[in-house]
Amino acid sequence: MGKTLTEKILQDHLAEGTYIPGKEIAIRIDQTLTQDATGTMAYLQFESMNIPRVRTELSASYIDHNTVQIGFENADDHQYLQSIARKYGIYFSRTGNGICHQVHLERFGKPGKTLIGSDSHTPTGGGLGMIAIGAGGLDVALAMAGEPFYLTCPRVIRINLEGELPPWVSAKDIILKVLERFTTKGNVGAVFEYGGSALKHLTVPERATITNMGAECGVTTSLFPSDEMTRLFLKAQGRENDWRPIAADDDAVYEKTVTINLNELAPLTARPHSPDQIAAVKEMNNMEIDQVCLGSCTNSSYKDLATVAKIIAGKTVHPRVSFIIAPGSRQVLENLSRDGHLTTLLASGARLMENACGFCIGNSQSPKNAGVSLRTSNRNFVGRSGTRDAQVYLVSPETAAAAVITGSFTDPRELDMPYPEAAMPSSFHIDDGMIIPPIAQAEAQATPIVRGPNIGAPPLNNPLPEAIKGKVTLKVEDKITTDHIIPAGDKMKYRSNIPRYSDFVFEPIDADFSKRAKEMQNKGMHNIIVAGLSYGQGSSREHAAICPMYLGVKAVIAKSFERIHTANLINFGILPLTFKNEKDYDTINQDDDIEIGNIRAAFANDAPLTVHNLTKGTSFTVGYGLSPRQKEMILAGGALNRKK
C-alpha cells in the first residue's frame, strides 16, 4: 500500500511514536518562524531555557503585525526581537519587509521540510510541499531548543481539484468552496492533501492561498505536492536548488476523497461573521459597500495585485469606497512598481499601506460604523476589523476589484471587459537587504539583549491541585475565537506585559471578566470557564491561554476544542475538559460553584473526571483525552515547569 504525501514527510521526521492516525507522535522540526505579536513571548520562553543558539536548520523572526507605532511599546519590542535574533542565530526580517507567510514562501520554504510557526496561518507553506503547522509560541521555543514537536498523528483527507478555473474565478473561490463543504468545525486532527489534474494550472501563490485558509477549517495543515509548478516558483525566486519533487504514491489510501470540479466554480464570498458562511457573489444583489481591503497573507502576492491592477486600469475608485492595498512583501511591492502595476493602482485612487498584516488584525483601516467591508483576508469574526458592528465579507481579488469600480458587491463576470489575468513572473527582482542573517556564534554571544519597560518575564503557573474548587466565572456559546478571549488590534502592544494584557481577557464578551477572576483569586478560589463547540478558533495566540492562566483559570469545560488552543491550554497548565454528554452544558450556569476532585487518581487510571455542581447539587462526567506527556505537563503546571 502506497503512502500519502503527509505520511512520507512525517515518517521522514518521526522522533517519537508510531505513525498511527489518532495517536500522539513527535516530529523533528527543520524550520521555525515567529511574528512580533507572538514572538516576544516565544523568545522570552526560549531565553529561560538557557540554550546558547537555536538548534533548527533555520529560524526566522518577522516584524509584520504591530508595525503601527503609537506609544513606545511596539518599537521597544522590535528592538528586543532584533537583539534576540542576533544573539541566538535567527534570521531577522525587518519592519517593512513583509508578512511572515509571504516572505517565508519566497525566501526560505523548502519542499519536504517541516515548519512550525507561532501563527495559525503557517500552513501557507504547504503550498510549497512542506508540512507547515501553526503552533503556540512555547511550542516554537521548544523546537528552537531542539525539542521535537508533538501532535496527534493526522487522518488525511484527499481533495482532488479537477478541470480549470474559469475566467474571473480564482484560488480564493476554491478554498471558499472547501470551507462550504467542510465548515470551520469538526476537522481537528485532519490534514487536507491536494491533488488532481488542475494542479498543473495552479501556481505556488495560488496554492498558498488555499493552504493558508485551511486553517479556518481547523485542520492541522494542508499541502500540495512539489511538482513542476513548484520548481518554476523556486526558479523565479533564484532558489531552484531548493526544489525537490515529492508527491503521494498513486495507490495511497486516504480517510476519504473529495473532488471539486473547478469548471463549475463561480465567484464566492464568506458572509459575516464566519469564514464558512458561504454564498455566491451574485446572491449579494449588488449591495452597496464602503471599503475594499486588498492584501493580507492570503491574497497579497504579485499575481493577486497585478491582476487587480489590470482590472482597474484607467478607472477611478468609486466615490463611496475606500480602497486599501497592502502588498504581502517588499518583493511584491518592488516588482509591482517595476512593472508599472503600482502606478496603475495608485492612479485609481488606491491607498497604499505597509507590507504588513495591518487591516487583517484590526490595528488599522477599521471600517466606519456598521460599514460593509470586502476583504481578501482570511477571517471575518465579529470585531476583528476593529469596528464591532462592521459587516466584513471575504472575497477574491477579482471580486474586490469589481467592487472598487462599481461601489457595490458585483459578480466580476458582469464587468464589461475580458478577464485580464496576470501571469507569475519567470524571474522576480530579488533584494534581501531587509533580512538580517545570523552571525557567527562567537560574535553573537557578546550581543546585549535590549529590554524596554514593556517586557516582563513569562509567568509560571503553580502545579495543578488535587481538586479544582471555584466558580464558573464565565459561560460562553459556540465558536469562541481567540479574538474573543484576548483581543488583538491596539491591545496587542501589551503582548509581552502579561499583567497588563490580562486586564482585557474576554473583554469583547464580558468586560468585567478580568475583575471577577481577580476577585476569585484573592479569595483563594479557582476560575472555571464553560464553553460550547469549537472553543479557541482562530489565531495561534498563546496569550489566550497565558492570560487566563495568570488570572487563575484552572479548567475550561467545552463541547469541543480547536487544536492549537488545546495545546496552548495544556502548555500553560489549564485543564481542557469535554462534556461526555453535551446536554450537561445546559445544566451549568455562570456563577455556579464547582468542584472537580481526585484528578491525579483519574489521570493514573484514565478514568473520567466528575464535575460536582455545588450550587445545583448535581454532577456530570467529563473527558480529557490527554497523552501521558500532556498529563505530566498539566500536573506540573505547564510545559516550562515540566522542562525546568
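The values are calculated or read from the model by the stated rules, or taken from the named source; none is laboratory data. Computed from a predicted structure; not experimentally measured. Note that we place each Cβ from the backbone using ideal geometry, even for glycine, and neighbour counts take in every protein chain shown.
Each row is one residue, and each column tells you yes or no for (1) in contact with a Gly (Cβ under 8 Å, 6 or more places away or on another chain); (2) in a helix (DSSP H, G or I).
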site	(1), (2)
22	yes, no
34	yes, no
53	yes, no
76	yes, yes
82	no, yes
86	no, yes
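Within segment 192-244, track down each residue that is buried (at least 19 other Cβ atoms within 10 Å of the Cβ), out of contact with any Ser or Thr (no Cβ under 6 Å at 6 or more places or on another chain), assigned to a helix (DSSP H, G or I) and of a type in the set (S, T, N, Q).
230
Taking segment 250-268 on its own, how many of its residues are out of contact with any Ser or Thr (no Cβ under 8 Å at 6 or more places or on another chain), over 20 Å from residue 279 (Cα atoms) and not β-branched (Val, Ile, Thr)?
The qualifying residues number 4.
Determine if segment 540-555 includes at least one residue that is of a type in the set (A, V, I, L, M), part of a strand (DSSP E or B) and crowded, with 24+ Cβ neighbours inside 10 Å.
Among the residues of segment 540-555, at least one is of a type in the set (A, V, I, L, M), part of a strand (DSSP E or B) and crowded, with 24+ Cβ neighbours inside 10 Å, which makes the answer yes.
Here is a list: 561, 513, 504. Which entry is in contact with a Pro (Cβ under 8 Å, 6 or more places away or on another chain), farther than 20 Å from residue 184 by Cα and not assigned by TED's automatic domain parsing to the domain that holds residue 188?
Being in contact with a Pro (Cβ under 8 Å, 6 or more places away or on another chain), farther than 20 Å from residue 184 by Cα and not assigned by TED's automatic domain parsing to the domain that holds residue 188 holds for just one of 561, 513, 504, which is 504.
Pairs please, first residue from segment 87-104 and touching a residue at least 40 places away in the same chain (Cβ under 8 Å), second anywhere and in a helix (DSSP H, G or I), Cβ atoms under 6 Å, 6+ apart in sequence or on different chains.
87/444; 92/82; 92/85; 93/103; 97/330; 98/330; 101/124
Taking the residues in segment 144-183 that are of a type outside the set (A, V, I, L, M) and in a helix (DSSP H, G or I) as candidates, determine which candidate is surrounded by the most Cβ atoms within 10 Å (Cβ to Cβ).
172
If I ask for residues that are farther than 15 Å from residue 120 by Cα and of a type in the set (Ser, Thr, Tyr), which ones from segment 182-198 would you list?
183, 194, 197
Run down 16, 47, 73 and say which single residue is surrounded by 21 or more Cβ atoms within 10 Å (Cβ to Cβ) and touching a residue at least 12 places away in the same chain (Cβ under 8 Å).
Result: 73 is the single residue among 16, 47, 73 that is surrounded by 21 or more Cβ atoms within 10 Å (Cβ to Cβ) and touching a residue at least 12 places away in the same chain (Cβ under 8 Å).
Are any residues in segment 252-276 within 16 Å of residue 372 (Cα to Cα) and in contact with a strand residue (DSSP E or B) (Cβ under 7 Å, 6 or more places away or on another chain), and if so, which ones?
Across segment 252-276, the qualifying residues are 269, 270, 271, 272, 275.
Restricting to segment 270-292, name every residue that is surrounded by 24 or more Cβ atoms within 10 Å (Cβ to Cβ) and either modelled with pLDDT under 95 or not hydrophobic (A, V, I, L, M, F, W, C) (or both).
The answer is 275, 291.
So, in segment 584-602, exactly how many residues are in a helix (DSSP H, G or I) and either in contact with a Pro (Cβ under 6 Å, 6 or more places away or on another chain) or not β-branched (Val, Ile, Thr) (or both)?
Number of matching residues: 6.
Of everything in segment 351-381, what is under 13 Å from residue 488 (Cβ atoms), out of contact with any Cys (no Cβ under 6 Å at 6 or more places or on another chain) and modelled with pLDDT of 85 or more? Give them in sequence order.
357, 379, listed by residue number.
Kindly indicate which of 550, 535 is touching a Ser or Thr at 6+ places or on another chain (Cβ under 9 Å), more than 23 Å from residue 45 (Cα to Cα) and at pLDDT 95 or above.
535
Given the options 247, 266, name the one that is surrounded by fewer than 20 Cβ atoms within 10 Å (Cβ to Cβ), modelled with pLDDT of 95 or more, among the small types (Gly, Ala, Ser) and under 30 Å from residue 322 (Cα atoms).
266
Working only within segment 398-429, note down all residues that are in a helix (DSSP H, G or I) and touching a strand residue (DSSP E or B) at 6+ places or on another chain (Cβ under 6 Å).
Correct list: 400, 403, 404.
So, of the residues in segment 367-391 that are β-branched (Val, Ile, Thr) and assigned to a loop (DSSP other than H, G, I, E, B), which turns out to be farthest from the chain's Cα centre (by Cα)?
387
Of the residues 153, 217, only one is assigned by TED's automatic domain parsing to the domain that holds residue 113 and either within 17 Å of the chain's Cα centre (by Cα) or among the charged types (D, E, K, R) (or both); which?
217
Among the residues of segment 271-278, is any in a strand (DSSP E or B), more than 24 Å from residue 190 (Cβ to Cβ), not assigned by TED's automatic domain parsing to the domain that holds residue 23 and not small (Gly, Ala, Ser)?
no
Please go through segment 89-113 and give me each residue that is assigned to a helix (DSSP H, G or I), out of contact with any Leu (no Cβ under 6 Å at 6 or more places or on another chain) and buried (at least 24 other Cβ atoms within 10 Å of the Cβ), ordered by number.
Within segment 89-113, 101, 102, 103, 105, 106 meet the criteria.
So in segment 380-433, with the set limited to residues that are among the aromatic types (Phe, Trp, Tyr) and surrounded by 21 or more Cβ atoms within 10 Å (Cβ to Cβ), which one is nearest to residue 507 (Cα to Cα)?
Within segment 380-433, the match that is nearest to residue 507 (Cα to Cα) is 381.
Scan segment 603-642 for residues that are β-branched (Val, Ile, Thr), surrounded by 14 or more Cβ atoms within 10 Å (Cβ to Cβ) and part of a strand (DSSP E or B) and jot them down.
If the condition is that a residue be β-branched (Val, Ile, Thr), surrounded by 14 or more Cβ atoms within 10 Å (Cβ to Cβ) and part of a strand (DSSP E or B), then 610, 611, 621, 622 are the ones that fit.
Answer yes or no as to whether residue 337 is hydroxyl-bearing (Ser, Thr, Tyr) and surrounded by fewer than 16 Cβ atoms within 10 Å (Cβ to Cβ).
In short, yes.
Looking at segment 450-484, which of the residues that are over 25 Å from residue 75 (Cα atoms) and β-branched (Val, Ile, Thr) is nearest to the chain's Cα centre (by Cα)?
481
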